[in-house]
Amino acid sequence: MGKPIRRAAVIGAGVMGSGIAAHLANAGVEVLLMDIVPPNLTDAEKKDRAARNRFASSGLDKAIKARPAAFFYKSRARLVSVGNTEDDLEKLKDVDLVVEAIIEKLEPKQALFGRLEKIVHDGCVVASNTSGLRITEMMQGRSESFRKRFLVMHFFNPVRYMKLLELVVGPDTAPVTLDRIRAFGEDALGKGIVVGKDTPNFVGNRIGCHAMMATIHLMLDEGLTPEDVDGLTGEPIGHPKSASFRTADLVGVDTFVHVADNCFASLTGDEDRKVFEVPAYIRAMVEKKLLGDKTRGGFYRKGKDGSVETLDPKTLEYRARGGDKEIRSFCKELNQIEDPKERLRKLFASDGKAGKFAWKVLSRSLAYSVRRVGEIADDVSAIDDAMRWGYNWELGPFETWDAIGFDSVLDRMKKDGLALPASVDKMKASGAKGFYSADGKVFDLAKSAYVPRRVDPRTAPLTILRKGSGPVLKNDGAEAWDLGDGVLGLTFKTKANSIDGDVIKMIGDSVAKAETDFRALVVANQGEHFCVGANLMLVVMSAQAKQWEDIRSMVKTLQMGLQRMKYASVPVVAAPYGMTLGGGLEVTLGAGNVQAAAETYAGLVEVGVGLVPGGGGTMNLLWRAIDAQPEGATVDTYGLVTQIFKNVAMVRVATSAEEAKVFGYFGKDAGISFDRARLVYEAKAKAIGLATAGWHPPAPKAFVLPGESGMATIQMMVSTLVDAGQASAHDAKIATKLGEILCGGVSGAAHEVTEDEMLELEREAFVSLCGEPKTQERMQYMLLNNKPLRN
């Protein structure tokens with residue numbers, strides 16, 4: 001397994017260095033974050049450690065305050081200490097990993113590595129986060145032992161969220177060093193590893209920068225606008241919504257120019273070197289500090305009236321957003337197609353402006369990518385992985401080629417006169433119909449044959465884990481499959497995995513099936529988010545039709561299904577990820593056992609649409625909080641009630657699985673999968689472990705709740721907010737209903753309340769609020785505008 005990495009140092013506390021330190025801390029690694037001593041200190045400051053550590057301290061502070069958050073939760077920052085490279089380098093003598101993230105210049109890096117060589121122990125790996133400098137040059141003058149333990153670890157920004165970690169080894173890097181860091185990157189940090197060659201900008205930035213620069217040059221040649229280009233190079237071709245120019249604004253126009261300049265300067269033998277030449281108007285943007293979001297203006301900016309304005313490349317003046325109507329209309333049509341492969345096929349079948357421009361852009365990128373195989377990476381799958389994980393493309397270049405049609409793309413490229421390597425002709429001559437075969441192999445262009453693809457079985461998707469020719473149980477909203485090893489897998493199939501009547505029925509049915517024919521149940525969904533809550537449209541329609549008994553029956557059925565799940569005779573494990581909101585969180589609370597993706601955003605958000613949680617959410621949050629207290633302890637039930645009330649009433653959403661544990665949404669024993677691709681595998685393993693360890697369901701609880709006295713205090717809190725104009729009268733009505741549930745009703749002093757009694761309070765509050773006109777307005781507004789209404 002190799003020696004674990006428990007302590008690390010990051011040298012360079014800029015955006016990348018502090019981001020790397022934060023994510024190492026997320027993984028439980030102690031980190032020393034260092035930077036140089038600030039120049040021009042006063043004599044007094046030179047003797048002050050705080051002043052001497054100012055650069056590192058500032059980097060840590062910015063990471064703590066970063067949005068999106070760099071840390072899973074602010075307490076993780078306690079694992080990071082700060083220092084400087086003049087006073088504290090000796091502290092590195094017992095660290096297991098040093099990551100260098102200083103200025104991107106050769107001489108300072110060489111000098112730093114010379115100092116490190118005298119300090120770090122023989123088992124310490126030293127890595128550079130460089131994006132383009134050559135290892136052979138950085139290692140000049142270093143010993144054989146040091147060179148064996150050196151490699152490049154190129155993270156992508158923001159470090160916590162971007163899956164790609166490029167590893168690049170030098171001619172002397174020991175295989176054990178690569179294996180150790182690959183395992184650490186995958187297992188501890190949750191990264192997708194691509195092993196690249198020691199070439200400028202490695203894999204992701206080489207292909208990504210070429211694609212973007214080719215697009216910019218073609219835009220000028222074709223007379224299109226940034227809006228036209230971003231409309232086409234985003235979702236229609238399976239790239240992020242930020243597309244080309246908006247992406248440059250996000251990462252920084254100056255950063256983008258630096259990457260392009262590095263390619264242009266270094267790639268003297270590249271046949272497409274001219275593509276990396278930065279246009280004059282972008283140089284002028286950098287000079288004028290039009291750098292994107294960090295200067296509040298780049299290719300786009302917000303106008304004084306709040307509207308988005310576009311920079312005109314010809315005048316360098318901002319104008320109202322416009323663009324070609326034909327392109328805009330066609331892109332809107334394409335974006336309605338969920339399957340990226342189908343979307344691509346439709347786009348490239350079009351002979352309109354959109355289709356012609358998209359083909360020019362993408363065909364050049366595909367041709368360039370295939371010419372780079374062997375130079376920047378050994379196989380096509382590494383390049384595809386780099387672009388999916390580092391640039392958030394839905395499909396890598398070769399997956400895109402296959403999606404459109406290998407033969408048709410090749411024939412059209414040849415017709416256009418695009419340069420292609422001879423290996424592609426050999427591939428076609430061999431009879432291959434794509435870079436990937438139906439049985440999961442990948443075409444090796446060097447061997448001109450299909451070879452097994454390196455696949456981690458822990459990242460197998462849900463569709464691969466399923467056994468048999470069809471589901472064990474099925475209806476229109478959900479289905480349950482045999483996942484093997486005695487585990488049944490429940491999956492929602494509704495839009496955004498929302499909860500409707502079919503899903504509710506399948507929850508009960510799948511628990512019953514698991515109890516009779518399986519040893520465990522896993523709730524594992526597919527799609528962008530785990531579950532966004534109840535199907536709000538159904539609730540609105542029933543409320544407008546005054547079908548109160550139907551609503552009451554639906555809520556009760558959901559409550560009973562989740563209670564059945566909680567007290568099942570076999571372990572039930574929920575595998576949440578992404579948005580896990582409202583009813584989605586209630587499903588995980590019902591399951592009780594959780595294996596969550598690190599990037600899970602969980603909360604009970606019903607108050608935002610004028611309701612209270614209807615699936616036992618408030619009761620189960622309280623159940624978990626009280627259950628954590630030791631027997632015989634004096635429990636401040638009112639304190640627990642108040643905090644849960646605040647979390648729900650203020651629609652507090654956790655921004656990570658770790659934070660969800662802190663908020664009490666997940667139990668302290670919840671597992672966290674850093675790599676979402678492993679989530680189902682690890683949830684299944686957790687379920688098997690619980691079953692093997694002798695699972696027994698928990699016992700129902702009764703709560704001593706504060707009753708009228710607690711409700712009076714909550715009412716005072718609510719009235720204060722209303723008087724201050726921070727809450728409306730309807731907000732107060734919703735909060736009052738929520739408070740009554742958590743206080744066990746208003747039937748006198750503190751008294752014992754059973755789970756069933758709490759669920760009944762919740763049910764009646766939900767139904768009564770559905771009858772409120774202002775709640776119906778809120779629900780309709782959310783459906784139409786995807787944001788809450790304050791009325």
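Points to keep in mind about this one:
- For the stretch 318-374, a crude dipole built from +1 on the beta carbon of Lys and Arg and -1 on the beta carbon of Asp and Glu, taken about the Cα centre, is about 320 debye to the nearest 20.
- Positive contributions from Lys and Arg (+1) and negative ones from Asp and Glu (-1), summed over other residues with Cβ under 15 Å from the Cβ of THR655, come out at +4.
- Relative contact order for the chain, counting Cα pairs under 8 Å that sit 6 or more residues apart, in percent: 8
- Burial ranking of peptide ranges 194-207, 317-330, 680-693 (average Cβ count within 10 Å, highest at the top): 194-207, 680-693, 317-330
- Treating each Cα of the stretch 270-393 as an identical point scatterer and summing with the Debye formula, the log10 of I(q)/I(0) at q = 0.16, 0.23 Å⁻¹ comes to -1.19, -1.22.
- Debye, to nearest 20: dipole size of the chain, +1 on Lys, Arg Cβ, -1 on Asp, Glu Cβ: 1080
- 3J(HN,Hα) along the stretch 322-331: x, x, 6, 5, 5, 5, 4, 5, 5, 5 Hz, from the Karplus curve 6.51 cos²θ - 1.76 cosθ + 1.60 with θ = phi - 60°, whole Hz, x for Gly and Pro.
- Pairs of Cα atoms nearer than 8 Å and 6+ residues apart set the relative contact order; for the stretch 16-74 it is 37 percent.
- Amide H to amide H, with H built 1.01 Å from N, VAL10 comes under 5 Å of LEU32, LEU33, MET34, VAL99, counting only residues 5 or more places away or on other chains.
- Checking every one of the GluC sites (Glu not before Pro) in the stretch 1-90 against DSSP loop status and a limit of 12 other Cβ atoms within 10 Å picks out GLU86.
- Principal-axis tilt of helix 637-649 within the chain, Cα atoms, nearest 10 degrees: 60
- Charge-dipole axis of the chain as Lys and Arg at +1 and Asp and Glu at -1 on Cβ define it, positive-most pick from VAL278, VAL80, PHE666: VAL278
- For the stretch 680-722 versus the stretch 2-35, the inter-centroid distance based on Cα atoms is 35 Å.
- Between SER448 and ASP48, the modelled label-to-label distance comes to 7.1 nm, taking each label 7 Å out from Cα in the direction of the beta carbon.
- Sites listed here are trypsin sites (Lys or Arg not before Pro) in the stretch 367-469 whose DSSP assignment is loop and whose Cβ has at most 12 other Cβ atoms within 10 Å: LYS447, ARG454.
- Site pair GLN629 and ARG296 shows an inter-label distance of 4.9 nm when each label is modelled 7 Å from Cα along Cα→Cβ.
- Using R0 = 60 Å, the C-beta based FRET efficiency linking ARG67 and ALA429 works out to 0.65.
- Near-label residues of the stretch 233-272 by backbone N, under 16 Å of a point 7 Å along Cα→Cβ of ILE337: 233-239
- Between the entries [x] 37.9; [y] 35.6; [z] 72.0, the label attached to mean projected area of the Cα convex hull in nm² calculated for this structure is [x].
- Over all orientations, the stretch 336-401 has a Cα convex hull whose mean projected area works out to 4.6 square nanometres.
- Each principal axis of the Cα cloud of the stretch 376-428 was evaluated for its coordinate range; sorted largest first, these ranges are 32, 22, 16 Å.
- Calculated FRET efficiency for the pair ARG790/ALA320, C-beta based, R₀ 30 Å, to 0.05: 0.50
- Calculated from backbone phi, Karplus (6.51, -1.76, 1.60) coupling profile of the stretch 242-249 in Hz, x at Gly/Pro: 5, 6, 9, 6, 5, 5, 4, 5
- The antiparallel fraction among DSSP beta bridges confined to the chain stands at about 40%.
- Using alpha-carbon coordinates, inclination of helix 380-391 to the longest axis of the chain, degrees: 60
- Here the sum of -39500 (n - 2.57) over DSSP H runs of 4 or more residues, divided by the residues of the chain, equals -13500 deg cm²/dmol at 222 nm, to the nearest 500.
- For the stretch 232-237, backbone phi angles converted through the Karplus equation (6.51, -1.76, 1.60; θ = phi - 60°) give residue-by-residue couplings of 8, 9, x, 4, x, 9 Hz, Gly and Pro being listed as x.
- Residue pairs, from the table LYS566/LYS737; LYS302/LYS353; LYS505/LYS737; LYS513/LYS566, whose Cα atoms sit over 19 Å apart: LYS566/LYS737; LYS302/LYS353; LYS505/LYS737
- A Förster radius of 41 Å, combined with the Cβ-Cβ distance separating MET537 from ALA749, puts the computed FRET efficiency at roughly 0.45.
- Unit charges on C-beta of K, R, D, E only; dipole of the stretch 194-336, Debye: 520
- With 32 Å as the limit, the listed pairs LYS197/LYS325; LYS241/LYS474; LYS65/LYS118; LYS65/LYS93; LYS148/LYS668 have LYS197/LYS325; LYS241/LYS474; LYS65/LYS118; LYS148/LYS668 beyond it between alpha carbons.
- Zone residues, the stretch 560-587, relative to GLU515, backbone N less than 16 Å from point 7 Å out along Cα-to-Cβ: 560-573
- Other-chain or far-sequence residues with amide H under 5 Å of SER673's (modelled H): ALA596, ALA597, ALA598
- Accessible surface ranking that places the most exposed of ILE626, ILE11 first, with a 1.4 angstrom probe: ILE626, ILE11
- Farthest towards the positive end of the charge dipole of the stretch 444-555, among the residues THR494, MET506, GLN544, is the Cα of THR494, using unit charges on the Cβ of Lys, Arg, Asp and Glu.
- Of the trypsin sites (Lys or Arg not before Pro) in the stretch 239-305, the ones in a loop by DSSP (not H, G, I, E or B) with at most 13 other beta carbons within 10 Å are LYS241, LYS288, LYS289, ARG296, LYS304.
- Per residue accessible area of the stretch 1-132, 1.4 Å probe, in Å²: 47
- Taking the alpha carbon gyration tensor of the stretch 73-222, multiplying each eigenvalue by 5 and rooting it gives semi-axes of 29, 19, 16 Å, largest first.
- Amide H contacts of TYR601: GLY578, MET579, THR580, each under 5 Å away and 5 or more positions distant or on a separate chain (H built 1.01 Å from N in the peptide plane; Pro and chain starts excluded).
- Averaging the sequence gap over all C-alpha pairs within less than 8 Å and six or more residues apart, then dividing by the number of residues, gives the stretch 220-294 a relative contact order of 28 percent.
- Crossing angle, helix 253-266 versus the chain [Cα axis fit, 0-90 degrees, rounded to tens]: 30
- Whole-angstrom Cα spans of the stretch 514-614 along principal axes, big to small: 42, 33, 20
- Dipole axis of the stretch 185-248 (+1 Lys, Arg; -1 Asp, Glu on Cβ), positive-most option in VAL229, ALA243, GLY204: GLY204
The values are calculated or read from the model by the stated rules, or taken from the named source; none is laboratory data. This one's a predicted model, so the numbers in the text were calculated from it and none came from an experiment. Every residue, glycine among them, receives a Cβ derived from its backbone with ideal geometry; neighbour counts consider all protein chains shown. In case anyone asks, the SASA skips ligands and DNA or RNA and just uses the protein heavy atoms, side chains included. Shrake-Rupley method; radii C 1.70, N 1.55, O 1.52, S 1.80 Å.
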